[in-house]
Amino acid sequence: MSAVIDVAEVNKTFKLHYERNQSLKERLLHPRSGRTEIFQALRDISFTVGEGETVGIVGHNGSGKSTLLKCICGVLQPTSGSIRLRGNLAALLELGAGFQVELSGRDNVYLYGTMLGFSKKRIDQIFDEIVAFSEIENFIDTQVKFYSSGMYVRLAFAVAVNVNPDILVVDEVLAVGDERFQAKCIDRIRRFQGEGKSILLVTHSADQVRALCDRAVVLDGGRMIANGDVADSLRIFRDALMQETVAHQDVTDLADISVDSVTTPEGSFDVRTGAAMRFDVHLTSATAYSGNFVFEVYSRDGVLVNRSDRQGAPVNLRPGANVVTVDVDNVPLLDGVFDVNVGIVDERGSNVKAWSEKVATLQVTYGGREGGLVELHPVIRHN
Ligand SMILES: Nc1ncnc2c1ncn2[C@@H]1O[C@H](COP(=O)(O)OP(=O)(O)OP(=O)(O)O)[C@@H](O)[C@H]1O
Ligand SMILES: [Mg+2]
């Protein structure tokens, strides 16, 4: 398989200028004050995309994904290293990066097509198809600056896929349109894949990577920390996500009961969807105490996945060390990272005696292709 995109040892730095003196008077007196810092957005990035391959790029906000795509598309020049492309490339970059906002949608279609090396005659031929795909016929002669972000993305996507490039580069934009249009874009991407074209796709959605990509690259602080199999890369991405939040753990003991740790018999918090899971919650109590044990599970987006009944489950703590065991028969969660909070409340459930946030972090792995938060096992019939 030959490479259509070859990124070799690419570095990209930005110069950031900080104004030290804020007042106008100071600025006039010391026009050259302030300091300049060099910020390295990409560090030594090397990878290739083969013909017919779809590669996902994932990473936290600010990890360098858009910068990398802009370098690949030629919108930005790498500070060092080289990027080689074989075939023509159409890109859907972040909002604002593609179109001339003062021009109409129609003019932008022609401008963009010309940039990709198409003749006016060729663009005339595909123009109607582009507009039909975008579903914004009524606005095609309106200046792009009056478009909503959804309209902008629709037109940009329609142009990018209909000019029939060899390589399609997509930055995150699939998240902007409504769900129906997203599905239409994903269909189109699949058709593209079927035609043996190459795709580079930046997305925050692990589901999208799993559904569409053959391989995934993970960026972290401008470095490439993984480049390989989708499942392996997503795991490395999740590990990086977890390390970030360990520092933010907030453990509070409100009474003379403390939550010391949460362990599992296997010593690991990795679990597969549908498997059984056991937690042992280690508590120390200064005195004998009869109260209730409560717990919560949150997704990384802050969605409460489960909270025990406010009354919780009764426990009779002994002075000293105690272990409360939580068994879940069949973990219904799909792929993701979930935080567990545990606590002890009084018998009526009205006073919190001990509370510990994020004492355990579950990493759930799902082998199937269903997306979302939980396994539903839907039975679907067509009558
Ligand atoms: N033109 C620029 N000048 C200075 N710094 C920049 C510039 N463009 C990007 N950066 C910085 O480079 C880093 C990487 O930005 P980039 O937009 O590539 O991240 P990203 O991975 O696409 O993030 P997101 O998920 O939020 O889209 C950020 O810290 C950003 O502030
Ligand atoms: Mg970005």
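Figures for the structure shown
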| read-out | value |
| --- | --- |
| Residue identified as open to solvent by less than 40 Å² (accessible area, probe 1.4 Å), in the same structural domain as G194 (by TED's automatic domain parsing) and in contact (Cβ under 8 Å) with a residue 24 or more places away in the chain among F99, F139 | F99 |
| Subset of segment 265-285 (residues that are touching a strand residue (DSSP E or B) at 6+ places or on another chain (Cβ under 9 Å) and free of Cβ contacts under 8 Å to residues at least 40 places away in the same chain) | P265, E266, S268, T284, S285 |
| Unique residue being buried (at least 20 other Cβ atoms within 10 Å of the Cβ) and more than 16 Å from ligand 1 (Cβ to nearest atom) when the list is K197, K145 | K197 |
| Of all residues making up segment 61-95, the number that are near ligand 1 (Cβ under 10 Å from one of its atoms), open to solvent by 50 Å² or more (accessible area, probe 1.4 Å) and touching a strand residue (DSSP E or B) at 6+ places or on another chain (Cβ under 6 Å) | 1 |
| Lone qualifier among G34, G59 - being closer than 22 Å to F237 by Cα, of a type outside the set (A, V, I, L, M, F, W, C) and modelled with pLDDT under 95 | G59 |
| Single residue of V109, V58, V49, V131 found to be away from ligand 1 (no atom under 11 Å from the Cβ) and part of a strand (DSSP E or B) | V49 |
| Tally, over segment 363-379, of residues that are under 18 Å from the mean Cα position of the chain (by Cα) and of a type outside the set (D, E) | 8 |
| Odd one out for G302 among (1) in contact (Cβ under 8 Å) with a residue 60 or more places away in the chain; (2) outside any strand (DSSP E or B) | (1) |
| Filtered residue count, segment 150-182, keeping only those that are open to solvent by 60 Å² or more (accessible area, probe 1.4 Å) and in a helix (DSSP H, G or I) | 3 |
| Qualifying residue in segment 276-283 (condition: part of a loop (DSSP other than H, G, I, E, B), of a type outside the set (V, I, T) and at pLDDT 90 or above) | yes |
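The values are calculated or read from the model by the stated rules, or taken from the named source; none is laboratory data. None of these values were measured; they are calculated from a predicted model. Neighbour counts run over all protein chains shown; Cβ positions are idealised from the backbone, glycine included. These area figures cover heavy atoms from the full protein model, side chains too; ligands, DNA and RNA do not enter into them. Shrake-Rupley method; radii C 1.70, N 1.55, O 1.52, S 1.80 Å.
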